[in-house]
1. Any idea which of GLU301, GLU340 is in contact with a Lys or Arg (Cβ under 7 Å, 6 or more places away or on another chain), over 21 Å from LEU461 (Cα atoms) and surrounded by fewer than 19 Cβ atoms within 10 Å (Cβ to Cβ)?
2. When you check VAL296 against the structure, is it open to solvent by 10 Å² or more (accessible area, probe 1.4 Å) and part of a helix (DSSP H, G or I), yes or no?
3. Restricting the search to the stretch 234-248, which residues are out of contact with any His (no Cβ under 8 Å at 6 or more places or on another chain) and under 14 Å from ASP313 (Cα atoms)?
4. Only one residue in THR412, THR418 is among the hydroxyl-bearing types (Ser, Thr, Tyr) and either in a loop (DSSP other than H, G, I, E, B) or assigned by the TED database to the domain that holds SER323 (or both). Which one?
5. In the stretch 429-482, what residues are within 16 Å of PHE495 (Cα to Cα), open to solvent by 10 Å² or more (accessible area, probe 1.4 Å) and either in contact with a Pro (Cβ under 6 Å, 6 or more places away or on another chain) or of a type in the set (Val, Ile, Thr) (or both)?
6. Kindly indicate whether VAL206 is part of a helix (DSSP H, G or I), more than 18 Å from CYS312 (Cα to Cα) and within 11 Å of the chain's Cα centre (by Cα).
Amino acid sequence: GPGQADMYAGLQELGVANGEDLKETLTNCTEPLKAIEQFQTENGVLLPSLQYALPFLDLHGTPRLEFHQSVFDELREKLLERVSAIALEGKVEERYKKLEDLLEKSFSLVKMPSIQPVVMCVMKHLPKVPEKKLKLVMADKDLYKACAVEVKRQIWQDNQALFGDEVSPLLKQYILEKENILFSNDISFLQNFFSPSPKTRRQGEVVQKLTQMIGKNVKLYDMVLQFLRTLFLRTRNVHYCTLRAELLMSLHDLEISEICTVDPCHKFTWCLDACIREKFVDNKRARELQGFLDGVKKGQEQVLGDLSMILCDPFAINTLALSTIRHLQDLVGQDTLPRESPDLLLLLRMLSLGQGAWDMIDSQVFKEPKMEAELITRFLPLLMSFVVDDHTFTVDQKLPSEEKGPIPYPSTIPEAFTKFLQENRIACEIGLYYILHITKQRNKNAFLRLLPALVETFSDLAFSDIFLHLLTGNLTLLSDEFALEEFCTSLFDGFFLTACSRKENVHRHVLRLLLHLHHKVAPAKLESLQKALEPTKQSGEAVKELYNQLSEKLELRKPSPAEVTETPSMELPLPTVPTPASR
């Protein structure tokens with residue numbers, strides 16, 4: 001069959017007899033047995049001592065094939081060891097000359113399954129496999145598959161399309177993994193999207209595979225960065241920015257200086273990585289980061305495109321935004337204005353570089369975005385006034401109340417705040433992080449006061465997955481408020497439901513939240529929510545699946561009709577009787 005032919009492919013070119021030759025000998029001879037014996041002598045293992053040993057093995061019923069196979073396997077192991085040794089010994093030119101000669105001699109046998117590993121091993125150890133051989137490997141699917149990554153790198157670096165085919169499924173997988181975390185059914189304020197440390201994230205399968213594919217090859221690294229830039233432009237998906245930073249830091253972990261020293265973002269990314277690990281930009285690192293930004297020389301502005309992509313990584317934005325909120329609180333305590341704080345101004349500068357990444361790479365105009373004075377002179381002082389409102393209210397609560405009754409919490413929002421959230425990207429980002437901050441502090445009053453400002457925000461940022469993922473996590477801290485009609489109406493009717501029908505992702509996040517907190521929601525409210533959240537024909541699978549899960553849970557909660565009628569009305573709470581464990 002064709003398999004047979006393959007098994008002995010290439011032997012004839014080397015002057016080694018194969019099955020075809022034996023067939024021919026036997027067809028054209030008078031004494032077949034004599035001919036077989038002669039063929040065995042000519043093509044057997046040429047060791048004088050074997051002349052007597054083979055008949056002995058025959059007596060023991062060991063087939064000749066088994067004997068030859070075991071000798072062959074033994075020799076192949078020795079040969080593989082020898083190839084690996086040659087690759088390390090003697091002068092560089094000499095060792096590669098030896099390997100190239102070996103490749104010349106053995107390449108014709110590359111299709112023989114028994115010899116293939118040896119040929120592959122020789123190629124793996126050659127820093128430059130001859131072009132002709134690479135072309136032959138590339139043209140043959142099975143050979144290409146069997147190649148070591150060291151050989152594939154040599155093929156890839158001159159075949160961007162082929163490399164793209166290998167990288168593409170990995171990038172798809174990466175984005176999917178990120179989205180799965182954002183939409184995960186486990187909702188918690190302790191564990192969220194930003195919890196894993198940078199080191200842990202870099203151990204992820206995709207980053208590790210890409211790191212392995214790139215090796216020390218700068219050309220391949222550049223290609224991957226080009227893919228990431230192109231995909232970021234095409235989709236605006238910020239997770240590609242995360243991967244850009246993770247890949248560089250993964251190569252940094254392995255101390256691959258061949259690449260790290262030529263990536264102009266290396267030191268900046270390394271410093272920012274330490275900030276992300278601490279979820280805070282301290283003063284010393286702030287100076288360092290500022291040094292890098294100020295050090296961008298005339299004629300090298302293009303590096304700003306790369307730096308902006310590093311800063312657009314959600315993990316970087318998260319760190320910068322959290323640091324900004326902390327700084328604002330400190331400034332309230334110190335009675336200092338935002339414009340008097342260089343550290344705060346640097347955070348804003350990096351936020352606007354990160355937020356401007358897409359526009360910069362798209363327009364290819366490499367200069368730092370201009371900071372709007374209003375952001376610093378009007379918006380941030382507004383946020384600080386909210387912090388002050390909270391302090392004042394808290395202090396007022398503790399003072400003995402006069403006849404005039406308790407002081408109500410301020411319920412209106414300055415119009416300027418709402419306008420900033422709609423028109424200014426950086427203001428919107430910081431405003432959203434401030435809302436996450438007060439939610440985490442369980443500050444219901446402040447939350448309900450600012451919530452209406454979220455219905456219309458800059459490019460719908462309040463309905464983005466990362467914000468909703470964090471918000472739903474933090475809302476679990478206010479779970480007791482869900483029993484109150486007023487709270488639910490503000491949160492669901494006033495915010496979530498305004499976008500559910502036009503934004504599938506919001507629909508998903510509300511269902512996630514209810515799956516987690518349904519037992520806290522007042523029954524009447526829950527019923528109206530269940531109606532409002534019913535999937536439409538246009539709804540995707542994920543929404544339908546979540547809705548079904550929620551319906552099942554609510555079905556289980558409904559009391560049976562018998563229970564409803566028999567409940568005695570008692571003023572005192574009934575003692576709870578422990579139920580016996582089911583046997």
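The values are calculated or read from the model by the stated rules, or taken from the named source; none is laboratory data. Since the model is a prediction, treat every value here as computed from it, not as a measurement. We place every Cβ from the backbone using ideal geometry, glycine too, and count neighbours over all the protein chains shown. All accessible areas refer to the heavy atoms of the entire protein, side chains included, with ligands and DNA or RNA removed. Shrake-Rupley method; radii C 1.70, N 1.55, O 1.52, S 1.80 Å.
1. GLU301 is the lone residue from the list that is in contact with a Lys or Arg (Cβ under 7 Å, 6 or more places away or on another chain), over 21 Å from LEU461 (Cα atoms) and surrounded by fewer than 19 Cβ atoms within 10 Å (Cβ to Cβ).
2. no
3. Within the stretch 234-248, ARG236, ASN237, VAL238, HIS239, TYR240, CYS241, THR242, LEU243, ARG244, ALA245, GLU246, LEU247 qualify.
4. THR412
5. VAL455, THR457
6. Against the criterion (part of a helix (DSSP H, G or I), more than 18 Å from CYS312 (Cα to Cα) and within 11 Å of the chain's Cα centre (by Cα)), VAL206 qualifies.
Residues are listed down the side, and each one gets a yes or a no for (1) within 22 Å of PHE194 (Cβ to Cβ); (2) aliphatic (A, V, I, L, M):
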position	(1), (2)
PRO452	no, no
GLU456	no, no
LEU470	yes, yes
CYS500	no, no
HIS509	yes, no
LEU517	yes, yes
ALA524	no, yes
GLU527	no, no
LYS537	no, no
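Let's see how each residue does on (1) among the hydroxyl-bearing types (Ser, Thr, Tyr); (2) open to solvent by 20 Å² or more (accessible area, probe 1.4 Å); (3) part of a helix (DSSP H, G or I); (4) assigned by the TED database to the domain that holds GLU93:
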{"position": "SER108", "(1), (2), (3), (4)": "yes, yes, yes, yes"}
{"position": "MET112", "(1), (2), (3), (4)": "no, no, no, yes"}
{"position": "VAL119", "(1), (2), (3), (4)": "no, no, yes, yes"}
{"position": "VAL122", "(1), (2), (3), (4)": "no, no, yes, yes"}
{"position": "LYS135", "(1), (2), (3), (4)": "no, yes, yes, no"}
{"position": "MET138", "(1), (2), (3), (4)": "no, yes, yes, no"}
{"position": "ASP142", "(1), (2), (3), (4)": "no, yes, yes, no"}
{"position": "LYS145", "(1), (2), (3), (4)": "no, yes, yes, no"}
{"position": "GLU150", "(1), (2), (3), (4)": "no, yes, yes, no"}
